[in-house]
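Input: a single structure, listed below in structure tokens.
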Amino acid sequence: MTRIVVIGGGSAGTGAATNAIQFDRSLDVTLITEFEDIAYSPCGIPYVFGRDIKNFDGLFLQPLEFYSEMGINLKTETVVEVIDMDKRAVYTTNGEEYPFDKLILCTGWEYEIPNLANVDLEGIIFIKNIRRAMEIDGRLDNVKQAVVWQAKPLGVELIEALPHRDIETHLVDSGSWLMSEFADADMMELLQNHLVNDLGVKMHFGTDLMGFSGEDGKLTSVQTSDGDIDADMAFLVAPMKPSTKLAKSIGIKTGST
Ligand SMILES: Cc1cc2nc3c(=O)[nH]c(=O)nc-3n(C[C@H](O)[C@H](O)[C@H](O)COP(=O)(O)OP(=O)(O)OC[C@H]3O[C@@H](n4cnc5c(N)ncnc54)[C@H](O)[C@@H]3O)c2cc1C
């Protein structure tokens, strides 16, 4: 029986594993992934925060059992640390070995954490894992002021969502208008006016993020080149970089992304 190991349970890994087993039911397919869940849309998270989507259930394609019943050997909350190409096996951080005939890497991306003072304070958020997003959602009712860093698409979704939870929302961005990397100012004007005039979002354009202040390990304010902004929560839409560590460890040539 051909053994296929897929690393990463995001949309790419879930797609690879389900397609493999649907293509040939005799394959022995193992999907190993760090997070608790697979097969959900992270793209919908800001819309649940803003209650445009009622709850997180609406973001899942199928429950985990669906994939197990399909015949996929699912290993969640499991991180692959080493790939041994001579032994043709992967090794997890908890010492398990998974031999393979074919290996599919779907390790996705990770945030580039900015090198700023106190970036590890409680209340500073990088959204990715849906379970963590559920926990954050539960805390939003107690948040009075939030800062969103960077007017990229995810940042814009967040500044539209948070005012729906009665949170005074500040956007900090070094550009001069929303999504200035991708869009012209006149295209963004309508949306920008709506966010400011209808939702009360406070825009801090031409402003750099400098660091964070806190008390008892919790965020109290965000430092910017234009002064401090009081905040209970800060969402950092930091640059995203491909997770290529494992690929590089076995000599796979990686390109630009
Ligand atoms: C909040 C949010 C909103 C988004 N909105 C949009 C949108 O509107 N439109 C859009 O096109 N895209 C959006 N995206 C991006 C989109 O979700 C990504 O393009 C997609 O997640 C990429 O899927 P992937 O499977 O390649 O990688 P990932 O989703 O990154 O999945 C990779 C998985 O592999 C796991 N992994 C990595 N290394 C290991 C290892 N060594 N061992 C075990 N597991 C490992 C990771 O933990 C992760 O679960 C959004 C993302 C987020 C977080």
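The values are calculated or read from the model by the stated rules, or taken from the named source; none is laboratory data. From a predicted model like this one, the values you see are computed outputs, not experimental measurements. When we count neighbours, we look across all protein chains shown, and the Cβ atoms used for this are built from the backbone with ideal geometry, even at glycine. Heads up: the accessible areas ignore ligands, DNA and RNA and are worked out on the full protein's heavy atoms, side chains in. Shrake-Rupley method; radii C 1.70, N 1.55, O 1.52, S 1.80 Å.
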- Query: When the accessible area of the stretch 113-238 is computed with all protein chains present and a 1.4 Å probe, what percentage of it is carbon and sulfur?
  - Reply: 44 percent
- Gap separating the Cα centres of the stretch 70-86 and the stretch 116-159, nearest whole Å: 30 Å
- Item | Solvent exposure, largest accessible area first (probe 1.4 Å, DNA, RNA and ligands not counted), of Thr92, Thr76 | Thr76, Thr92
- Message: Projecting each Cα onto the charge dipole of the chain (Lys/Arg +1, Asp/Glu -1 at the beta carbon, about the Cα centre), which of Asn129, Ile159, Ser174 comes out farthest on the positive side?
- Response: Asn129
- 1/(1 + (r/R0)^6) with r = Cβ-Cβ of Asn19 and Arg165, R0 = 45 Å, i.e. FRET efficiency to nearest 0.05, evaluates to 0.70
- Rounded to the nearest 5, what is the percent of antiparallel bridges among the DSSP beta bridges in the chain? 45 percent
- With a 1.4 angstrom probe the carbon and sulfur portion of accessible area for the stretch 1-70, in percent, totals 53 percent
- Given the options Leu199, Leu190, Leu103, state which has the largest fluctuation in a GNM of the chain using a 10 Å cut-off (strictly under) for Cα springs. Leu190
- Tell me, what ³J(HN,Hα) does each residue in the stretch 141-151 have, in order and in whole Hz, if you take phi through Karplus 6.51 cos²θ - 1.76 cosθ + 1.60 with θ = phi - 60° and put x for Gly and Pro? 5, 9, 8, 9, 10, 9, 10, 10, 9, 5, 8
- Add -39500 (n - 2.57) for each DSSP H run of 4 or more in the chain, then divide by its residues: what number comes out at 222 nm, to the nearest 500 deg cm²/dmol? -6000 deg cm²/dmol
- Which value, in debye to the nearest 20, gives the size of the charge dipole of the chain about its Cα centre, when Lys and Arg are +1 and Asp and Glu are -1 at the Cβ? 880 debye
- Query: Under a plain spin-label model, where a point goes 7 Å from the Cα along Cα-to-Cβ, how far apart in nm are Trp109 and Glu69?
  - Reply: 3.4 nm
- Task: Over 18 Å between C-alpha atoms is what I'm after, so list which of Lys75/Lys241; Lys54/Lys75; Lys128/Lys241; Lys75/Lys245 land there.
- Result: Lys75/Lys241; Lys54/Lys75; Lys75/Lys245
- Query: Antiparallel DSSP bridges in the stretch 113-238: what percent, to the nearest 5?
  - Reply: 40 percent
- Hey, for a label at Ala117 modelled as a point 7 Å past Cα toward Cβ, could you say which residues of the stretch 198-222 have their backbone N under 16 Å away? 208-222
- Query: Contour minus end-to-end for Ala12 and Lys128, with contour as 0.36 nm per residue of separation and end-to-end as the Cα-Cα distance?
  - Reply: 40.3 nm
- So what is the accessible area of the stretch 113-238 per residue, in Å², with the probe set to 1.4 Å? 48 Å²
- Query: Could you name the lysines in cross-link range of Lys218, using Cα to Cα under 18 Å and dropping any fewer than eight places away on the same chain?
  - Reply: Lys144
- Query: What does the charge add up to near Thr92, with Lys and Arg as +1, Asp and Glu as -1, over the other residues with Cβ less than 9 Å from its Cβ?
  - Reply: -2
- Note on the structure: For the stretch 1-116 the mean separation of alpha carbon contacts under 8 Å (6+ apart) over residue count, i.e. relative contact order in percent, is 35 percent
- Query: Say each of Ser249 and Asn55 gets a label point 7 Å from the Cα, pointing the same way as Cα to Cβ; how far apart are those two points in nm?
  - Reply: 3.9 nm
- If you stretched the chain out fully between Lys102 and Asn193, how much longer would it get, using 0.36 nm times the residue separation minus the C-alpha to C-alpha distance? 27.5 nm
